[in-house]
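First the structure, in the form of C-alpha cells, and then the observations on it.
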Amino acid sequence: MPAFDLVVIGCGGGPNETNLSSYFLKTHDASWNEGIISIEAGSGLGALERVLQNNPGLLESPRSAAEVLSWIRSYLITHAHLDHVSGLVLAAGSLNGPTRRILSTRDVLKDIQGIFSDRLWPNLASWNSRDPSAPLLYSQLTISERYAPVAKDVSVRVMPISHGQTSTQQTYDSSAFFVRHDPSSKQLLFFGDVEPDSLSTKPRTIDVWRVAAPMIPRALDTIFIECSYPAGRPNEQLYGHLSPEHLAAELSALAQEVAKLRNNGTAQVLRGVRVYITHCKDDLAGQYHEPIHLVIATQVRNLVDQQNLGVEIIAAEQGMQITI
Ligand SMILES: [Zn+2]
Ligand SMILES: [Zn+2]
C-alpha cells in the first residue's frame, strides 16, 4: 500500500514564473479535498491552472484551480527565496477556508515575516494561533531529531543545509525535510536549494545522508533534490546550487554511508531508490535542443551509472503524479 501521493505543480528553478517549486502532497488513502500539504509555494494559481488545463482529471477533477488552493492546510517551506514562496504570498489574502500554517524553521519564518510587513505585502500572517483574523499562521519547526506532526498521519523532521553565501559572506540556510507517513513509517526526503558539500564553508548535506542511510531503501526510497545547472558549469558560477558533477558526488557520498552500514561495497547499493531532479534553471540562451530538465537528468544519470550505484534518476516535470 503506497504512503503518499504527490503532484508536481512546479519544479523549475526560474526565472519562468509559471513553473516554480511547488509540490502538492497528501496521504495515499485520503482525498485531496481533505487537506493538501504544499511543499514549497513558488508557483500558485497560474501554474495550477496550467497543470489542470493539461490534465483536468488531476487532483480529483476540481471545479477550479482556486478550489484546489482552498484545500491547502499547510505550507512546508525550505527557505524564503521568492521562487519558493511567491505563490503563497500572492494568494494569502484571496483564499477561502480555514487558517493555513506556514511550517519552517524560525529563521525562514522570520524571513517570510519580512515580506508580510505591511510594506512589501499586507500583514496576513500571525504567530498567534488564536488570532482569527490572520489567514496564515507561522508554525515553527524545531531543528531536532524529533518528527513534528504536521497533518493527520504525517510528521516532519527538518535539517539545515547550506545554500551558498550572502553578499556579506554569511552561509545562507536552506532546509531538507524528512516527511514521514506515521502509520507505515514510510518517508520521502525533500531538499530545498543546496550547494555542494565539497565547496561549502559549512558542509551539512553529509548529515542528511547519515540520517537517510539506515532507512534506505525500505523506509526511504524517494528523494527530491535540486540540480540547477547543466554539466560543465564553473564552480564560481553555481551560486549555492548543484550541477550534475556535484550531485553525482553527493549521491556517491550517500552510497558510501549506506555501504558502511552494510559492510559492503557501493556497487548497486542504492538499488530501489528513485531520485527526482528538481529546480533546473531555464535555458534562456536556447543552448539545448531538449527541455533543460531532461538534459540535466540525462547528464546526472550518465554520471551515476558510471559509478554503478543502482539509483534511478528521474526528471521531475510539471504536472507529474508520483506515488510513494
Ligand atoms: Zn534559493
Ligand atoms: Zn530556488
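Rule-based calculations on the coordinates, nothing more; no lab input. Quick caveat: nothing in here was measured; it's all calculated off a predicted structure. When we count neighbours, we look across all protein chains shown, and the Cβ atoms used for this are built from the backbone with ideal geometry, even at glycine.
Points to keep in mind about this one:
- Relative packing of peptides 129-141, 280-292 - highest average C-beta neighbours within 10 Å first: 129-141, 280-292
- Sparsely packed trypsin sites (Lys or Arg not before Pro) within segment 184-244, loop by DSSP, other Cβ within 10 Å at most 12: Arg218
- Cα-based shape type of segment 60-201, given that a ≥ b ≥ c are square roots of the gyration tensor eigenvalues and the cut on a/c is 1.5: oblate
- Were the residues from Leu120 through Gln170 laid out at 0.36 nm apart, the gain over their Cα-Cα distance would be 15.6 nm.
- Size descriptors for segment 4-323: radius of gyration and Dmax over Cα atoms are 18.8, 57 Å.
- Net charge over other residues, Cβ less than 11 angstrom from the Cβ of Ser43 (K, R count +1; D, E count -1): -3
- For Ile206 and Gln237, a Förster radius of 22 Å and the Cβ-Cβ distance give a FRET efficiency of 0.40, rounded to the nearest 0.05.
- Treating r as the C-beta distance of Met1 and Lys110 and R0 as 56 Å, the FRET efficiency rounds to 0.90.
- Mean Cβ count within 10 Å, highest first, over the residues of peptides 187-193, 254-260, 52-58: 187-193, 254-260, 52-58
- When shorter helices are ignored and each DSSP H run of at least 4 residues is given -39500 (n - 2.57), the per-residue value for the chain at 222 nm works out to -7500 deg cm²/dmol.
- Calculated P(r) of segment 4-66 - Cα pairs past 14 Å, %: 54
- Residue list for segment 209-240, given a label point 7 angstrom along the Cα-to-Cβ vector of His28 and an amide N cut-off under 14 Å: 218-222
- Estimated at 0.36 nm per residue, the fully extended path between Leu284 and Ser64 surpasses their Cα-Cα distance by 76.1 nm.
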